[in-house]
Amino acid sequence: MKFKSKLLAFGFFIFLIYSCRKVPITPTSDESVKYFPLQLGRYIIYDVDSINYNDVTMTSDTTHFQIKEVISSSFADSTGGITFIINRYRRANDTLIWFEINEWSATVNKSRAEKTEENLRFVKMIFPINDGAKWSGNQYIDTSNGLENYFDWEYKYSEVHVGKFQNGLTFDSTVTVSELDNENLIEKDLEQEVYAKNLGLVYRIQEHVSKQNVSTPWTNPEKGTKVTMIAKEIH
């Protein structure tokens, strides 16, 4: 009887030891790559506004048009990954036919997303996505050969996993990538992109403007260009 009681006590002691141990938690897989989806047949149509500021005539000229980016094909690259070909089309408005303007490419893996635009290779995103994370997005560009404007850009995440509404579309979760943000009294250089989860790039601004009158607001610069690209249709 005593032996049985001792056995029960020992069994209870073992139960307590194991019940107090922490059960390992399997972390959920990082979903950062979903902000840069690459699937054959996907396409996005963007509304684009391009503004040119003329410091001679002190006027501005705005051009409205649309851009369509279509993921048309893919191939196995030298790194063992998959490179996707993006055919880009342009039209003046939605009543006209598209005509092809160029071909870009993109690739993504567990650590980064890259895009080649006009033969320039950019690291568009790094994974996992963390607010305030920084990286050298132009690291593959040789800035010593006429491309000095791309030197020393510091990409940075902000507004991580934020919902947005723009151009009639609602996005549950977006992340902003600030690629370049330099401003002084007479010059302003801004390059920024916004990505939506499961959808990809939904907004882009490229602004390089200047002025001589420091009291003039940046909404009315004297010289330079400003291009905004906003998603209209996503398929």
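The values are calculated or read from the model by the stated rules, or taken from the named source; none is laboratory data. Small disclaimer: the values here were computed from a predicted structure and weren't measured. Reconstructed Cβ throughout: ideal geometry from the backbone, glycine too, with neighbour counts over all protein chains shown.
For segment 122-166, the tally of residues that are within 19 Å of residue 104 (Cβ to Cβ), of a type in the set (Ser, Thr, Tyr) and in contact with a Phe, Trp or Tyr (Cβ under 7 Å, 6 or more places away or on another chain) stands at 1. In segment 73-85, the residues that are closer than 16 Å to residue 110 by Cβ and modelled with pLDDT under 95 form Cβ pairs under 6 Å with partners that are of a type outside the set (Lys, Arg) and surrounded by 11 or more Cβ atoms within 10 Å (Cβ to Cβ), at six or more places apart or across chains, as follows: 77/83; 81/107; 81/109.
Has segment 151-167 got any residue that is more than 17 Å from the chain's Cα centre (by Cα), over 19 Å from residue 37 (Cα atoms) and in contact (Cβ under 8 Å) with a residue 40 or more places away in the chain? Yes, segment 151-167 contains at least one residue that is more than 17 Å from the chain's Cα centre (by Cα), over 19 Å from residue 37 (Cα atoms) and in contact (Cβ under 8 Å) with a residue 40 or more places away in the chain.
Of everything in segment 44-77 that is closer than 26 Å to residue 225 by Cβ and of a type in the set (Phe, Trp, Tyr), the residue that is surrounded by the most Cβ atoms within 10 Å (Cβ to Cβ) is 46.
Would you confirm whether any residue within segment 180-193 is hydrophobic (A, V, I, L, M, F, W, C), in contact with a Lys or Arg (Cβ under 7 Å, 6 or more places away or on another chain), assigned to a strand (DSSP E or B) and farther than 22 Å from residue 46 by Cα?
From segment 180-193, those hydrophobic (A, V, I, L, M, F, W, C) are 180, 185-186, 190; that's our starting set.
Now narrow it down to the ones that are in contact with a Lys or Arg (Cβ under 7 Å, 6 or more places away or on another chain): 186.
From what's left, assigned to a strand (DSSP E or B): none.
Taking every residue of segment 180-193 in turn, none turns out to be hydrophobic (A, V, I, L, M, F, W, C), in contact with a Lys or Arg (Cβ under 7 Å, 6 or more places away or on another chain), assigned to a strand (DSSP E or B) and farther than 22 Å from residue 46 by Cα.
Taking the criterion of being over 17 Å from the mean Cα position of the chain (by Cα) and touching a residue at least 12 places away in the same chain (Cβ under 8 Å), the residues of segment 94-117 that qualify are 94, 98, 100, 101, 102, 103.
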